[in-house]
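Derivation of every value follows stated rules applied to the coordinates shown; laboratory data play no part. What you are looking at is a predicted structure, and each value in this text was computed from that prediction instead of being measured. When we count neighbours, we look across all protein chains shown, and the Cβ atoms used for this are built from the backbone with ideal geometry, even at glycine.
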Amino acid sequence: MIRRATALALAAAALAGCYPGRLTSNYDSVFEINNTDDDSAILEESGRDEIAEARIMKRLMELEMEEEPVYHMNAGDKIEIRVYGHDDIGMVTKIGPDGTVGIAFVGQIKLSGCSLADGADKIREGLAPYVKNPVVSITILEVLSETATIAGACSRPGVYGISNGTRIADLYAMAGSSAERLFNGVDVDVADLEHSMIIRSGEALPVNFRKAIEQGDPLNNIRVRKGDYVYIAQRLESSVTICGEVRSPHKRLYEPGMGLIETLTAAGWMLDTHWKHVIIIRDGLANPKMYKVDVDGILAGRCKNVSLKSGDIVYVPKDDISEYNVFVRKIMPTVQVVNLLSSRNSVLNPDHDK
């Protein structure tokens with residue numbers, strides 16, 4: 001009974017946030033954004049791993065330096081076959097669904113998967129018993145087999161023909177750019193470029209679509225290859241949450257370029273009971289990074305408005321100490337509480353499971 005009572009007391013303490021350091025904690029250690037150029041860079045780059053970033057840049061450079069793959073014919077491609085001195089054998093034709101074309105004297109020859117030179121060699125070998133020293137050439141007239149797929153939140157998702165100069169921004173434009181939907185009575189773009197992706201041969205390439213399409217960054221605006229799959233994420237998966245001492249706490253659809261002041265305004269502004277700083281929580285609740293912002297400083301023109309990112313939580317506390325404790329207790333993942341209680345109970349009562 002004593003052990004059980006002790007465990008229950010510890011459980012109550014954990015749920016109340018009354019374990020060491022909790023009651024004396026405050027926002028002093030939270031980085032304050034005055035939104036100078038240096039601060040803006042810190043906020044913008046928060047959560048990014050320098051080593052991972054270097055790997056991404058290296059991979060993007062590798063993609064840019066890759067040689068264009070040799071073209072191989074495939075079903076649906078339109079070609080012209082010439083046999084010099086034998087116009088009756090030459091033809092303009094499409095490669096059939098089975099990858100073959102019919103040649104006089106020879107019959108069906110499979111050309112899918114062949115380069116132009118290899119295909120010409122195949123036809124020449126087939127004609128050799130019937131034509132003396134045949135000279136064969138193949139010219140590509142229309143490529144229907146070099147395609148990439150774009151899906152998700154674009155206006156016209158589908159399969160599109162590409163050439164060696166087609167880049168991500170080009171494919172996005174072919175698909176009609178972002179789809180639109182009605183949100184709060186206004187048509188808004190659905191596409192969430194920041195969370196979009198491109199898959200090539202099973203590898204998710206480290207491309208930043210926002211930089212590629214909105215900023216025209218040539219390193220991220222990579223060439224699209226045959227068989228690439230592009231997924232444009234939907235913004236209904238992307239939001240900003242505002243809570244705490246505001247008139248209308250809510251979650252709203254993330255807009256590129258969304259700022260702190262506009263978000264507070266959309267929430268009916270802060271209550272008179274708010275603390276002098278607003279807290280921005282970034283990178284999720286499992287491993288949050290927190291920043292505090294002096295809103296009065298922004299309004300007075302002493303510093304710039306702070307840009308928000310998809311997934312941000314804007315929290316307006318009442319004060320420095322008690323609100324910090326309440327906040328930390330509420331965002332602590334439930335699994336941590338469960339693990340804490342389980343470990344403490346097993347230590348206090350080792351015979352419990354016997």
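Let me spell out the model: positive unit charges on the Cβ of Lys and Arg, negative unit charges on the Cβ of Asp and Glu, origin at the Cα centre of segment 50-146. What dipole size does that give, in debye rounded to 20? The partial results should precede the final answer.
On the way: 10 positive and 17 negative charges, 98 e Å.
The dipole magnitude comes to about 460 debye.
Please give every one of the aspartates and glutamates within straight-line cross-link reach of K110, meaning a C-alpha to C-alpha distance under 19 Å, and leave out same-chain neighbours fewer than 8 residues apart.
D77, E80, D98, D118, D121, E125, E142, E146
Subtract the Cα-Cα distance of K211 and D118 from 0.36 nm times their separation in residues, and report this length gain in nm to one decimal. Before the final figure, lay out the partial values.
Working: separation 93, 0.36 × 93 = 33.48 nm, distance 4.03 nm.
Roughly 29.5 nm would be gained on extension.
Please list, ordered by chain and number, the residues whose modelled amide H lies under 5 Å from the amide H of F31; skip anything fewer than 5 residues away on the same chain.
Residues meeting the criterion, in which the H sits 1.01 Å from N, are K292.
Going by how many other beta carbons lie within 10 Å of each one, how would you line up R181, R225, fewest first?
Values: R181 15, R225 19.
By the 10 Å Cβ count, ascending, the order reads R181, R225.
Find how much the distance from N26 to E80 grows on full extension, using 0.36 nm per residue of separation minus their present alpha carbon separation; answer in nm with one decimal.
On the way: separation 54, 0.36 × 54 = 19.44 nm, distance 7.61 nm.
Result: 11.8 nm gained on full extension.
By counting other Cβ atoms within 10 Å of each Cβ, how are E323, E50 ranked from fewest to most?
Values: E323 20, E50 8.
Sorted ascending by nearby Cβ count, the order is E50, E323.
So what's the gap between the Cα centers of segment 74-111 and segment 208-228, to the nearest angstrom?
What the calculation gives is 37 Å, centre to centre.
Would you please give the residues with an amide H less than 5 Å from that of L144, counting only those at least 5 places away or on a separate chain, with H modeled from the backbone geometry?
Close amide H contacts, sequence-distant or interchain: D77, K78.
Give me P(r) over segment 78-142, computed from all C-alpha to C-alpha distances, binned every 10 Å, as integer percentages.
Per 10 Å bin, starting at zero, the Cα-Cα P(r) for segment 78-142 comes out as 23, 63, 14, 0 percent.
A 31 angstrom limit on the alpha carbon distance is what I want to check against. Which of K58/K78; K251/K276; K132/K226; K58/K304; K78/K211 exceed it?
Values: K58/K78 38 Å; K251/K276 22 Å; K132/K226 38 Å; K58/K304 34 Å; K78/K211 36 Å.
Where the Cα-Cα span goes over 31 Å, the pairs concerned are K58/K78; K132/K226; K58/K304; K78/K211.
Please list, in chain and number order, the residues 5+ apart from E245 or on another chain whose amide H is under 5 Å from its amide H, with Hs placed from the backbone.
HN-HN under 5 Å from E245: V316.
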